[in-house]
1. Please name all residue pairs, on different chains or six or more residues apart, with Cβ atoms under 8 Å, provided the first residue is in the range 30-50 and is touching a residue at least 60 places away in the same chain (Cβ under 8 Å) and the second residue is among the charged types (D, E, K, R).
2. Tell me the residue from Ala55, Ala45, Ala22 that is small (Gly, Ala, Ser), surrounded by 18 or more Cβ atoms within 10 Å (Cβ to Cβ) and in contact with a strand residue (DSSP E or B) (Cβ under 9 Å, 6 or more places away or on another chain), please.
3. Taking the range 61-95, which residues are more than 16 Å from Trp37 (Cβ to Cβ) and part of a helix (DSSP H, G or I)?
4. Quick one: Asp79 ticks every box in (1) under 20 Å from Arg2 (Cβ atoms); (2) in contact with a strand residue (DSSP E or B) (Cβ under 8 Å, 6 or more places away or on another chain); (3) of a type in the set (Asp, Glu) bar one, so which box is it?
5. Could you look through the range 25-41, keep only residues that are over 12 Å from the mean Cα position of the chain (by Cα) and of a type outside the set (D, E, K, R), and pick out the one that is surrounded by the most Cβ atoms within 10 Å (Cβ to Cβ)?
6. Does the range 58-82 hold any residues that are surrounded by fewer than 17 Cβ atoms within 10 Å (Cβ to Cβ) and of a type in the set (A, V, I, L, M, F, W, C), and which are they?
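No value in this document is a laboratory result; all are computed from the given coordinates. Bear in mind that the values here come from a model prediction, so they are computed numbers and not experimental data. Ideal geometry is used to build each Cβ from the backbone, glycine not excepted, and the neighbour counts take in all protein chains shown.
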Amino acid sequence: MRPFCTVETGAIVLAVKAAPKASRDAITGILETPQGWALKVAVTAAPDRGKANAAVIELIADAFDVPKSAVTVIAGATDRSKLLRISGDPAALTRIAEQWKSR
């Protein structure tokens, strides 16, 4: 089973399951998917011309206290299941990611 967060040099890769057109923007926890574990992210934006991806990036950037430019979609740009690369200190970013395991 793939973990929801893996470490790379100078970054982490985060598996995300996006829920567009939600009632509010929020990170709601960890869930098991057929691909492995993922961080569930709800955004109010519709999946139209990249609006939901932009909202996911903004929400993740805020949650990890990094600039939006540090978050990139590396897989799943047109899918609800995505892989995001977050550039920064991997140890600090991993500590932030781990907080959602207990929710």
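1. Note: pairs meeting the criteria are Ile30/Lys40; Ile30/Lys101; Ile30/Arg103; Leu39/Lys17.
2. Values: Ala45 fails: in contact with a strand residue (DSSP E or B) (Cβ under 9 Å, 6 or more places away or on another chain); Ala22 fails: surrounded by 18 or more Cβ atoms within 10 Å (Cβ to Cβ).
Just one listed residue meets the conditions, Ala55.
3. Answer for the range 61-95, where residues must be more than 16 Å from Trp37 (Cβ to Cβ) and part of a helix (DSSP H, G or I): Ala61, Asp62, Ala63, Phe64, Lys68, Ser69, Ala70, Pro90, Ala91, Ala92, Leu93, Arg95.
4. Result: Asp79 passes all but (2).
5. Let us first name the residues in the range 25-41 that are over 12 Å from the mean Cα position of the chain (by Cα), namely 25, 31-36.
Those still in the list that are of a type outside the set (D, E, K, R) too: 31, 33-36.
On the way: Leu31: 11, Thr33: 15, Pro34: 5, Gln35: 13, Gly36: 12.
Ranking the candidates gives Thr33 first.
6. Listed by number, the residues that qualify are Ile74, Ala75, Ala77.
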